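Colleague: Dumping the structure here so I can ask a few things about it.
The values are calculated or read from the model by the stated rules, or taken from the named source; none is laboratory data. It should be emphasised that the depicted structure is a prediction, and the values quoted were computed from it without experimental measurement. For neighbour counting, all protein chains shown are included, and Cβ atoms are generated from backbone atoms with ideal geometry for every residue, glycine included.
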Amino acid sequence: MNKIDIFSLLKDAGELKYVKLYPGYATENDPTEHTQDVTLLNPITVKAIIADIGFSGLKWKYFSQLPAGSKQIIAEPIHKNLFLSARQITIDNENYGIYQDADGTFQILERRDYIIVILKKTL
């Protein structure tokens, strides 16, 4: 059985968008009050499929409450560690962060050929 490479098909059709991933680190200023400064590093650009999450998807697909304006990114699995280390994600000059549920785990769904990353809109 031949395997269909969906990313190469969408790349040829021009459906992939550029996503900027900003890795960063936090420096603790005051250990008693736990205040931190986050420093963003230079962005890493990847290509991915971007889709809005509609109201029905917010209500039925995900267990936690996602804020309005959330997006999902479908990307190649080799980019998983880049998404996990990203402090900020920029799509079309709008900032997002990887959504964490109530347990504090990232919402990254792994499939055999791709990953789905759930993003929340940040200020």
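Colleague: Taking the residues in region 24-52 that are within 22 Å of the chain's Cα centre (by Cα) and in a loop (DSSP other than H, G, I, E, B) as candidates, determine which candidate is surrounded by the most Cβ atoms within 10 Å (Cβ to Cβ).
Modeller: Of everything passing the filter in region 24-52, PRO43 is surrounded by the most Cβ atoms within 10 Å (Cβ to Cβ).
Colleague: HIS34 is checked against (1) modelled with pLDDT under 90; (2) within 20 Å of ILE115 (Cβ to Cβ) and fails just one. What number does that condition carry?
Modeller: Condition not satisfied by HIS34: (2).
Colleague: Among the residues of region 68-84, is there at least one that is in contact with a Pro (Cβ under 9 Å, 6 or more places away or on another chain) and either in a strand (DSSP E or B) or modelled with pLDDT of 80 or more (or both)?
Modeller: Scanning region 68-84, I find at least one residue that is in contact with a Pro (Cβ under 9 Å, 6 or more places away or on another chain) and either in a strand (DSSP E or B) or modelled with pLDDT of 80 or more (or both), so the answer is yes.
Colleague: Scanning region 53-63 for residues that are surrounded by 13 or more Cβ atoms within 10 Å (Cβ to Cβ) and of a type in the set (A, V, I, L, M, F, W, C), which turns out modelled with the lowest pLDDT?
Modeller: LEU58
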